[in-house]
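Bear in mind that the values in this text are calculations on the coordinates, not laboratory data. Keep in mind the model is a prediction, meaning the values are calculated, not measured. Note: ideal-geometry Cβ built from the backbone for every residue, glycine included; neighbour counts use all protein chains shown.
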Amino acid sequence: MKLNHALIYLFLLSGNTLVYADKYPKNHNIDILHYKFELSLSDQSDEIMGKASLHILFKTDDSKKIRLDLINKTDARKGKGMAIDSIYSPHHKIKYTHSNDEVFLFFDTPPEKDEKLEISIVYGGIPAGGLKIGPTKYGHRSFFNENWPNLARHWLPSIDHPYDKATSEFLVKAPSKYKVVSNGLLQEETHLDKSFSLTHWKQSVPVSPWLFVLGVAEFAVQMVDEFEGKSIQTWVYPQDREKGFIDFSYPTKDALSFFSSYIGPFAYEKLANIQAASVGGGMETSSAIFYGENLITGKPDNKRLQDVVIHELAHQWFGNAVTESTWDDAWLSEGFATYFTLLYQEHAYGYQEYINGLKLAKRRVDNYTKTDSTFSIISDRTAESGIVTNTLTYQKGAWILHMLRHKIGHAAFKNGIQAYYKKYFNSTATTDDFRTEMEKSSQKDLKTFFQQWLYQPDPLKIKASYVYDETLKELQLKIEQIQSSGIIFEFPLELEVYNPLLNGTTFHEFEIKEKTTLLKIPMKLAPGGLKFDPRSILLAEFF
């Protein structure tokens, strides 16, 4: 359902936050605490054999059935998909159905409230998505997943939605020529025989299923450094060993240090940068990040890869440790990671680099808005039926944080970020949760700010004109908001005026709250020039 502009405007006037509905069938009566995936991989076939053991906490005593996601094997998928062999539990008899990509488990006797139950699912098939089995750029066989946003269900029985976070482990039997990397810490590497090895990784930090990671390939591995006692690693194809070790030597440790200082503690047990065949850019899977295999160049100034590394590292805090509880709030992941990339660039490369990044982001926002004027950052969307992010989620989301920092001040912004991160660490949050923490930190009512920038699609458009009145000795400005919907923004407008009498510039800031605003600035001489928004603090088009 799309809300029309008039309805959005009524909500804005009422001061109430719009409530949208992520369509995923959540079940708050249970909580999956831990997943244990035992997988067998082969070079003879793309079929995987799996056993998933789910440790589930029952919060009520009337849970007669539970639902999981798992893609079916069907003719329409040309035989790809998963088929279940059996489902069982030590203390409960379970019946099940598996159709329409859903698994329903039925209990003759419902588990008791606060009971913790282990349920095992034995299954197999050829993944139709999620786990990509195929050649690297060098033609060597590999297995790399990409679960974003809801593709874990293609190969892992799970609650495939951000709201449910769990710890996890992967025990992978694979041909011995491969190395296996996953979330968390390495528990075991054992040669079972001449042909196969078993690798066991375990992550003791809860994450959403789209952040589970598995990479199986021929790798060169470097233990690069440590950060607060946690290993920093590089995993690249052997053919790219020298280049990859150079590329990933910087800026991982420095960025980890900056984000930890600015936001809060790094949540995970290691940080591995991994060359992968399943992504083009980067994928922020927790503790083990995938990067497109063609990003490796071996050049110390590989800025393109460095920027991707910074972005994916920022995700370890936002998106991973603090996760959006619904797809409506995906900007809490992508907008935040984009903005904190800019903050790190300011820290590492200087203020001008930060401004250059903002200007580039603004151009991308302007270009996108010209082609689609209907997309609002928060809206009624779900990964079950369509995309959940686009350019605006990233770039406009970053700009909203930039404007918020200016509105409430740098100190209040940083304090609010730290409070938000601490409160929702290893949990999930909504935009309202974030707003509440920023209001506490700044002691300001931010409802209007959040509503006008996040809950409606129209960009701010300003028509600015001025004349100099020689008789009154004043500069007279007319500021008009000309966005088509009729929505009126409230915003600060900065003006830089060149004053020939002073042979320099003066700065003026005005709070604009009306469709048309008339402003007067006393001046003894006509200005030599004007510049609106000289410090790039406002996301607006000027006409």
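Pop a pseudo-label 7 angstrom from the Cα along the beta-carbon direction at both Met223 and Lys132 and give the gap in nm to one decimal. Taking the two extended label points, one gets 3.1 nm. Could you calculate the FRET efficiency of Phe507 with Tyr88 from 1/(1 + (r/R0)^6), where r is the beta carbon distance between them and R0 is 56 Å, rounded to 0.05? With R0 = 56 Å, the Cβ-Cβ based efficiency is 0.20. For segment 402-436, backbone nitrogen atoms closer than 13 Å to the point 7 Å from Glu490 Cα along Cα-to-C-beta are found at no residue.
Treating only the Cβ atoms of Lys and Arg (+1) and Asp and Glu (-1) as charged, compute the dipole magnitude of segment 191-241 about its Cα centre; round to the nearest 20 debye.
It works out to roughly 160 debye.
In the chain, the DSSP-assigned H stretches of four residues or longer account for a calculated mean residue ellipticity at 222 nm of -8000 deg cm²/dmol, using -39500 (n - 2.57) per stretch and the full residue count as denominator.
Using only side-chain charges placed at the Cβ, +1 for Lys and Arg and -1 for Asp and Glu, the dipole size of segment 168-210 relative to its Cα centre rounds to 160 debye. Between the helical axis of 331-349 and the longest alpha-carbon principal axis of the chain there is an angle of about 70 degrees. Principal-axis analysis of the Cα atoms of the chain puts helix 5-14 at an angle of about 80° to the longest axis. I need the shape label for segment 365-486. Rule: rounded when a/c is under 1.5, else prolate if a/b > b/c, else oblate, with a, b, c from the alpha carbon gyration tensor. Cα axes put segment 365-486 in the oblate bin.
Considering only beta bridges that DSSP places wholly inside segment 263-417, some 25 percent are antiparallel.
For segment 498-519, the residues whose amide N sits under 11 Å from a probe point set 7 Å from the Cα of Gln476 along the beta carbon direction are 519. Model label sites at Ser427 and Asp62, defined 7 Å from Cα along the beta-carbon direction, differ in position by 2.6 nm. Of the residues Ser465, Gln452, Phe336, the one whose Cα sits farthest towards the positive end of the charge dipole of the chain is Ser465 (charges of +1 on Lys and Arg Cβ, -1 on Asp and Glu Cβ, taken about the Cα centre). The angle between the Cα long axis of helix 303-317 and the longest principal axis of the Cα atoms of the chain comes to about 80 degrees, rounded to the nearest 10. On the beta carbon distance between Lys299 and Lys230, with R0 = 22 Å, the FRET formula returns roughly 0.20. May I ask which of Lys36/Lys173; Lys202/Lys270; Lys447/Lys520; Lys362/Lys478; Lys396/Lys440 have a Cα-Cα span longer than 20 Å here? As for pairs spanning more than 20 Å Cα to Cα, those are Lys447/Lys520; Lys362/Lys478; Lys396/Lys440. Among the trypsin sites (Lys or Arg not before Pro) in segment 158-187, which ones are in a DSSP loop with at most 14 other Cβ atoms within 10 Å of the Cβ? Mind listing them? Within segment 158-187, the qualifying trypsin sites (Lys or Arg not before Pro) (loop, at most 14 other Cβ atoms within 10 Å) are Lys177.
Full extension from Asn367 to Thr97: what is 0.36 nm times the residue separation minus their Cα-Cα distance, to one decimal in nm?
92.4 nm
Think of each Lys and Arg Cβ as +1 and each Asp and Glu Cβ as -1; about the Cα centre, that makes the dipole of the chain roughly 580 debye.
Toward the positive end of the charge dipole of the chain, about the Cα centre and with charges on Cβ (Lys, Arg +1; Asp, Glu -1), which of Ala128, Ile94, Gln352 goes farthest? Looking along the dipole axis, the top candidate is Gln352. Beta bridges from DSSP with both residues in segment 392-543: antiparallel share about 95 percent, rounded to the nearest 5.
Dipole orientation for the chain: of the candidates Tyr291, Asn183, Ser208, Tyr291 has the Cα lying most toward the positive pole (charges on Cβ; Lys, Arg +1; Asp, Glu -1).
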